[in-house]
Each structure stands twice: as structure tokens, then as C-alpha cells.
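Take a look at the following structure, please.
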Amino acid sequence: MDPASHALENDVSTPTNDKATLIKTNKSIINLKIAENTEIDTIILKKLINNTNINTRYIIKNGNDDNNFKINIKNGELRLNKSLDYEKKNIYKLKIANTINNTENIIIVSINIINIDEAPVINYVVPINFTENDIDKFNGEEISMLKQGEYCIRNIKAFDPDIKNKNDNQHIVYTIDIIGKNYFNKFQCFKNQTIEKTWYLNIDRKSGCLKLVDPFENYCSYYFWLYIGKIDNSNDSYINQSFYINAYDKDAKANSKKTTIFVQSKISISFLCRIYNCPSQNDAKANYYFKLIFGK
């Protein structure tokens, strides 16, 4: 019997990991399945021959243009060399040449890639930074939209890697998590009154449109922002806060995947006051509340 045929009939076995499954073997064709998230260097096909003392040699002749796989030249053991992506390529057909005593035998290894549900990919989000002078970059209509919470200061975009056409509905749901929100909610200024609006940003769940929200619902909320604000080199008070943006696939259903990114924001209170109605610090009522809050 041909030594190569004997090896294929008797020594080929199922890979040791649970992400690759040997379906069928015969003398010249091997069919495999392997998940797209399989780790690099995983054995996807065990050695084809145990006796390495004989004069034998294995090489991948074609089908491995991107070098996704590597083979042991002596025993034919096949390993994963690069990450696999079902959306880019879902089947590989490797033509492996096995030379024994100057006689070449061809083995075809067909590898089907199993699609795995993957979390969304979020495009880079530019940090949010608005000074008082940045208001001049907006025209009257845009300022009106800012005030009404209709203007997107950032368009958050995420894509589902499992959907090939990025122009199709990606079924993404967006949410925002505020760092330190519990502290904001517990802030009290006078007569046990707490502020209700504790953030100046909101995100549209379907479109990913990040919008400004009026943070100055009353004197209490206005002085809250002054209280946590910092002074920069221009003596302007600004809010320097961080938050997370989450993107869920499958419309945030029970089996959805989530991706989270960290975003930094720095917004001048003077910038916000040029959009919304801030209490005047010269106002007698404002001064009264200011003393109640800060004891000054």
C-alpha cells in the first residue's frame, strides 16, 4: 500500500480543540470545519504520519496565499498561522504535496470557516472639547438646534461584522453610561432639593447621534456644575467629565453582543451658557442660592 494513503486512512484524527471538527477523510481529500475566532497556532489537523524517520516531506503548494496556515514539513501537522474572518473568506482549499521517496502525492484539505456572532465595531470618536469661542463656529440655525437637543455634536457609528454590506441596517442600539452618575444624583443644594438633570449629553438609541442637553434646569443644577467645574488658563470654568458609549447588536436583544468605548469631554460652562439660559451671578436670588450651596 502507498505509505501516504496508509497515513491518511489510519493516522488522521480530529483536532484536539472543540472549534475544529474533522468531517470526513479518504485517500486524498480531507474536509474540516473551524470557527473564525480560533486562536493562532491551534492544531487544526493532526500529523498525517507518525514515523518521521522515513524520507517524507509536506508543503502547501497553493490555496494559502495569505499564509493563514502553516504545515510541519516532516509530519504534515497543520496549524493556524493568522486570524480567520468569516466575512472576508469562509472557505479555504489547500493543496498539500506529500513527497515520499521522490514520489509526490497530492492531498486536498478543504477548510470551512464557521461564522461566530461578533460584537459591533465602533468607529473612533473624537474627544469632545468646546470653549466659549467655539460657539462662533455655529450659525443661528445650528445654535437653535443645539438648544432644542436636535444637533449632533458627534455621530457615533458602529457596524456589525456579521453583516457584510455596511449600508444595510446594522440593528445597533446605542446607550451612554456616565462615570460618577450616582454622585450627581445625590447632590443636594437646599431644602433637600436634588437636581434631576445630571448630564449635558444624550445619545439617540437608534442613530448614535450624540446631542447636548440643557443642564441648567434651575439654580441648583447651574451651581452644581460650577461646583464640580474646574478653572482653565483663561479663567473660564469648564466641565471635564468622562463617559462610556455602548453599542449593542441585534437591537439589544437578550443574545446581543456589546462593545464599549471610553470618551473624554471638556465643555466650557460659558459655551453652554451661550446656548442655554444660565442664571446671572449678579441676580439677588442667584446670590442667595449660591450662599446656601457654598456657604459664601
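Taking the range 147-161, which residues are surrounded by fewer than 18 Cβ atoms within 10 Å (Cβ to Cβ), in a loop (DSSP other than H, G, I, E, B) and touching a residue at least 24 places away in the same chain (Cβ under 8 Å)?
Gly149, Glu150
Of the numbered conditions (1) more than 28 Å from Asn165 (Cβ to Cβ); (2) out of contact with any Asp or Glu (no Cβ under 7 Å at 6 or more places or on another chain), Lys93 fails exactly one; give the number of that condition.
Among (1) more than 28 Å from Asn165 (Cβ to Cβ); (2) out of contact with any Asp or Glu (no Cβ under 7 Å at 6 or more places or on another chain), Lys93 violates only (1).
Taking the range 119-142, which residues are of a type in the set (Gly, Ala, Ser) and in contact (Cβ under 8 Å) with a residue 24 or more places away in the chain?
At the first step, the residues of the range 119-142 found to be of a type in the set (Gly, Ala, Ser) are 119, 140.
Matches in the range 119-142: Ala119 only.
Restricting the search to the range 115-142, which residues are farther than 30 Å from Ile34 by Cα and either touching a helix residue (DSSP H, G or I) at 6+ places or on another chain (Cβ under 7 Å) or surrounded by 15 or more Cβ atoms within 10 Å (Cβ to Cβ) (or both)?
Of the range 115-142, the ones farther than 30 Å from Ile34 by Cα are 124-142.
If the condition is that a residue be farther than 30 Å from Ile34 by Cα and either touching a helix residue (DSSP H, G or I) at 6+ places or on another chain (Cβ under 7 Å) or surrounded by 15 or more Cβ atoms within 10 Å (Cβ to Cβ) (or both), then Val125, Ile128, Phe130, Thr131, Glu132, Asp134, Ile135, Phe138 are the ones that fit.
Looking at (1) touching a strand residue (DSSP E or B) at 6+ places or on another chain (Cβ under 6 Å); (2) acidic (Asp, Glu); (3) within 30 Å of Phe69 (Cα to Cα), which is the only condition Glu118 fails?
(1) is the only condition that Glu118 fails.
Further, regarding this structure: In the range 58-114, which residue that is among the acidic types (Asp, Glu) and loosely packed, with under 14 Cβ neighbours inside 10 Å is farthest from Thr38 (Cα to Cα)? Steps first, answer last, please.
Step one: filter the range 58-114 for residues among the acidic types (Asp, Glu), giving 65-66, 77, 85, 87, 104.
Restricting the remaining residues to those that are loosely packed, with under 14 Cβ neighbours inside 10 Å gives 65-66, 104.
Numbers: Asp65: 19, Asp66: 17, Glu104: 31 Å.
By that ranking, first place goes to Glu104.
Would you call Lys74 of a type in the set (Lys, Arg) and outside the structural domain of Lys211 (by TED's automatic domain parsing)? Reasoning before the result, please.
Details: of a type in the set (Lys, Arg): yes; outside the structural domain of Lys211 (by TED's automatic domain parsing): yes.
Considered against the rule, which asks whether it is of a type in the set (Lys, Arg) and outside the structural domain of Lys211 (by TED's automatic domain parsing), Lys74 comes out as yes.
Cβ contacts < 6 Å: first residue free of Cβ contacts under 8 Å to residues at least 24 places away in the same chain, restricted to the range 63-81; second residue in a loop (DSSP other than H, G, I, E, B), any location; separation 6+ or different chain. Result?
Pairs that qualify, where the first residue is free of Cβ contacts under 8 Å to residues at least 24 places away in the same chain and the partner is in a loop (DSSP other than H, G, I, E, B), are Asn67/Asn81; Lys70/Asn81; Lys74/Thr52.
Which count do you get for residues in the range 108-160 that are basic (Lys, Arg) and more than 26 Å from the chain's Cα centre (by Cα)? Talk me through it step by step, then tell me what you get.
Step one: filter the range 108-160 for residues basic (Lys, Arg), giving 137, 147, 154, 157.
This time we only want the ones that are more than 26 Å from the chain's Cα centre (by Cα), so: 137, 147.
So the count comes out to 2.
The values are calculated or read from the model by the stated rules, or taken from the named source; none is laboratory data. Remember, predicted model here, so these are calculated numbers, not experimental data. In this analysis, Cβ positions are derived from the backbone assuming ideal geometry, glycine residues included, and neighbour counts consider all displayed protein chains.
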